[in-house]
Each structure stands twice: as C-alpha cells, then as structure tokens.
1. Taking K and R as +1 and D and E as -1, what net charge do the other residues with C-beta under 15 Å from the C-beta of B:Leu18 add up to?
2. For every helix of n ≥ 4 consecutive DSSP H residues, a contribution of -39,500 (n - 2.57) applies; sum these over chain B, divide by its total residues, and give [θ] at 222 nm rounded to the nearest 500 deg cm²/dmol.
3. Which of the DSSP-defined H helices in chain A satisfy a minimum axial length of 27 Å, computed from C-alpha atoms, and a minimum mean Kyte-Doolittle hydropathy of -0.5?
4. Decide, for the range B:1-51, between rounded, prolate and oblate: order the square roots of the alpha carbon gyration tensor eigenvalues as a ≥ b ≥ c, take rounded if a/c falls under 1.5, and otherwise choose prolate if a/b is larger than b/c, else oblate.
5. Considering only chain A, what is the antiparallel percent among its DSSP beta bridges, to the nearest 5?
6. Could you give the angle, 0 to 90 degrees to the nearest 10, between helix B:102-123's Cα long axis and the longest principal axis of the Cα atoms of chain B?
7. Enter the Cα centre distance for the pair the range B:12-58 and the range A:165-203, rounded to the nearest angstrom.
8. According to the square roots a ≥ b ≥ c of the eigenvalues of the Cα gyration tensor, what is the shape class of the range A:87-155, taking rounded for a/c under 1.5, prolate for a/b larger than b/c otherwise, and oblate for the remainder?
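What follows draws every value from the coordinates through simple rules; no lab data is involved. Just so it is clear, the structure is predicted and the values come from calculations on it, not from any experiment. Here the Cβ positions follow ideal geometry from the backbone for every residue, glycine too, while neighbour counts run over all protein chains shown.
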Amino acid sequence: MILETQGLTKRFGGLVAVDGVSLAVRPGEVLGLLGPNGSGKTTLLNLISGALRPSGGGLRIGGHDMTGARPDRIARAGVARTFQLVRILPSLTLKENVMVPAAYGPDRLWGDLLAARVRDCLSAVGLDARADQSAGDLTYIDQKRLELARALAARPRLLLLDEWLAGLNPTELQDGIALIRKLSGDGLTIIMVEHIIDAVRALCPRSVVMNSGRLIADGPTSEALADRHVIAAYLGEDADA
Amino acid sequence: MGYVFSAIAFALLAVLPLFAGDYGTGLLVGLMGYVVLASAWALFSGPTRYVSLATVAFFGVGAYVVAVLNEVLPYPVVLFCAALTGAGMALVVGLSTLRLAGIYFVIFTFGLAELVRQLITWFEVNVTGTLGRYIFLDLTARDIYWQLLALAVLTLGAGWWIRRSRLGLALRVIGDDEVVAAHAGIPVARTKLVLFVISATIITLVGAVQAPRWVYVEPSIVFNPTVSFLTVIMALLGGANRLWGPVAGAVPLFLLFEWLSARFPDHFSILLGLMFLAVVYALPDGVLAALERIRRPSVLKETKA
Ligand SMILES: Nc1ncnc2c1ncn2[C@@H]1O[C@H](COP(=O)(O)OP(=O)(O)OP(=O)(O)O)[C@@H](O)[C@H]1O
Ligand SMILES: [Mg+2]
C-alpha cells in the first residue's frame, strides 16, 4: 500500500472535521475523494500531506509510519500536492517555482539535472515558453497549471489534487483530464478531490465519499455514487443550502 | 572582470584610512560598522522578510563579551568567545521566536534587546558589583576599521554564495509562502534558524570589534536601540534583497544620520522613528526596486479570479 490511514481524526475545538477515516490506496490507483462542502476532504488531504497534525489515528506512507511527521519529511517521502486555493510563489519566476521541489524533494537535484527536470515539468503543462516570467503575473488558470508543474517536479509517488480541475472552461477541462490520465498512465498514484462528477467518472475507477468528516462509501465510482447514504448526504446539503 | 574590480575597490578601501585624518578615520569606522550591520541583517531578513529589531541585542552582547574578557584572554580568543556567545544566543532566540509571524516577531525582537540590557545591568549590579567596565586594548581606529572591512568582505561573500546555493532558493521560498516551502521538502524551521544564527553572529562580531572605541562600556551605551532602527532603515531603503542594497543604503544614510544627530540632537529620535515607519510602509523593497517600478509601470499583476 502506498497510503494507509488508520482511524485518522482531526478536531478543531469542538468540530470533528475528519472523524476516524481508514483508507488504503494501492500504487497506481486514481482515487476520487468526494463529499459535500465542508465534509472534510481538504482537511483529510492536509493530514496526509502533513500540513495538519492528526488529533488521533495513524498514517503510513509507502509502508513507513508518518503519523505526526512534518510536511517537509512527507514531501521527501514522495508526496506532492496542489492547494484548493492555489498557492504559487509570486516573487519567483515560473522556472524557480518548479525548481523548488526538485531541489528539495526526494531527488535533491541541482545543476543540469535540475534544469532538465524543470523544463520537462513546465512543458508537461504547456508553460515552457514562459519559464522566465514572474509567477505573480500569471492568470488564475495558468497559476493552477504552474502549481501542478511544481507538484510534478518532485517526481512524487503520490499526488494529491484538491479541486485542481475547478474553474477550467470546457476545453481546458478536457486538456486537464487528458493530462491527469497521462500521469496515471505513467504510474503515478493520485488522490483527487473533485466536484465535477464527469471528470471523476472519466478518471477514477474507485471513489470514496465523505460526509461530516466520516467515510460513508468506498468502492467503484459508479457504485459509490449510487449509494443511498451518498445520495442522502448530497440531498441533505441541497436542503440546507 | 568583476573579481578584478572588487579587488581594486577592496584595496582602495583598505588604504583609505591612511589618508583620512583622525576624524575621517572615526567616521570610516562608524560607516563600515553599519555597512556590515545592514548587510548581515539583510542576510536573514531580506529573503525571509522577518523584520528583526534584535540587532543591538547581539551587537551589545558582542561589545560586552570584549569588555568582560579583554584583560583575561588574548584578543583573537576574545573575538572567538564573542562569536560563540552571539551564535548561542541566536540559537536560543531563534528556536523560541522563528515560529512567530509578522508583527509579533518585530515586537519580540525589540523586547529582546531591552531584556538583555536589563539582565546584564542586574547581573553587574547584584553579582559583580560593577556597572561600568573599561576596555584596555592596544587597537587604533585604523585596526578596527580594517577588521570591519574584513567582516564586510566576509558578509558580502556569504551573501553572494548563499544567493547561488540551494539555501538561497529555500530562503526566498520561505519569504513567499512557508506552507509551500514545507510541502516542497524544505525544512523551514531549520533553514530559518541557520540563517538567523549566521546573521546574528556577524552582528555580534561588529559589536565586539567596535567595543575598544568606547574605552568605557556600560549597558546603556552599548544597548542603544537606535542601532537596531538605523540598521533596518539602511537595509530596507537600499534593498534588503540585493547583495549590494544594504551597502547602498548604509553609506548615504550613515552620513545623513551623522549630520542629523549633530544638527538636531533633541529631535533625532523622532526623525528616526518617522523614517522607520516611512521605509517599512512605503518602500519595503528599497529605493532601487521602486525606481525600477517607476521606469516600467506596465507590468501590472493580474488579480486572482
Ligand atoms: N483550520 C481550520 N480551523 C477550524 N476549522 C476548520 C479548519 N479547516 C477546516 N475547518 C472546518 O472543517 C470542516 C471541513 O472543512 P474542509 O475544508 O476539510 O471541507 P471540504 O470537504 O474540503 O469542503 P469544500 O468542498 O468546501 O472544499 C469545515 O466545517 C471547516 O469549516
Ligand atoms: Mg476543500
């Protein structure tokens, strides 16, 4: 298993944002992580990437215990991510943005190898022509592209995408889906939080669904989506809204 | 080409005090002191954007180590002890404060200088029973100037090297977004700590090297908060993110402040405070960067969707 969580829990004061989530992900899987707004998806990704320390439960990455490990250690163990609210490094160039995880991640590249890795990753998302521009000058969509290129520069084993496809227009969405499919074809394990159900159906053979911090379904995507608890959870959200 | 130019400039600076009179050499000592202080401050605070007002805490401790040890140990050993004390103190301070964000860090570092001064005063009065100390070292103003010049070369050399290294990249990432830095594999706390210690050690050495100029030393003399504020203004105004920025800020501002403090001794603190606020709010990237922005205003950032 590349990722195993055992009863992973995160409390914010009285609120239990992630409530005893146990999950196992095999190498090469593309897993959809679904659930209504506020159900704890981002918090779960934060626990896996080390952005947050769990209040309880265990986390294993690539068979090693990483419970409570700092994010830099988890990154060096081969986990990379994008953020729901995109986070680029605005005062650095595109090239420098992408250099960072290649230089500090699992491979610790420098010099020619680093330059080659940076070129590869920028061209994978179609930004290679603008390598020397300042990242702060990019449009929102290009910032999302850059963020993915940066995550890929670490050559991660596990990639966490938090609504990376959100906000793309139909053409960009098709490109994005094709790109993720290609990454998966190269053997990358991906966990993707996504609200665009068509994209989930297209990319994820398996999905898990969260509601109020708990996992309420885990299985083949079409079955998970047809589960009556899942339907109730989404309907419940509609009724609240 | 750059090396040749630097070597010539260095040689010229080294012979300068031979032609300057006593007053001129005294001025050069003060000037070179601030060149090193501003450059060393910028090593850490430039890329990370942590505005530290602890400069005089380290500077004063450096001077005090010399005051305490100058009669018991040979001079090079005294300097070494000063550096070690500064590094040790920076390690403790860094471990306890580098998690603080923004304004809290500024306030803590400001308080630190006062705390150290009160501690030393208390210790001297209650334990050793002497408030003031004398420094009898056979060092001329020229000797001190040359030591400071060497420190300046060392500091700029370190800045040059860090800029080209993995460490420099890490610091710039930390300055932009610590969360991203950590998720890219950068050990954020350790990186900040290393730079803070390097910067503080150099600052401590400036205090140690300059101490013999005072002859008589007591806490209120060596822990003068003006030093911290001047350093910040010089580094920020010149541009703390450029290798030569702090130097470019230190030279004209040192001369300006010398003139101001002689001309308006009663209002100097107010002028200083106003300049500090103006620089921190209006020109955090420095004058050079502001000029560049004015020359090419077309590059406007696109805002997030
Ligand atoms: N740092 C935090 N402090 C306090 N509460 C938090 C924090 N982060 C998240 N929460 C709360 O935890 C719950 C789960 O939030 P989370 O962001 O994980 O949901 P989500 O499933 O990603 O939602 P969305 O689909 O809107 O992105 C929410 O109620 C949220 O308000
Ligand atoms: Mg979310």
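1. Overall, the nearby charge balance is -1.
2. -25000 deg cm²/dmol
3. For chain A, where a helix must reach 27 Å along its axis and average at least -0.5, there are no hits.
4. On the way: a/c = 6.21, a/b = 1.44, b/c = 4.32.
Oblate shape, in that a/c is at least 1.5 and b/c is the bigger or equal ratio.
5. Values: 21 of 37 bridges.
The antiparallel proportion sits near 55 percent.
6. Roughly 10 degrees between the two axes.
7. Going from one Cα centre to the other spans 55 Å.
8. It is prolate, given that a/c is not under 1.5 and a/b is the larger ratio.
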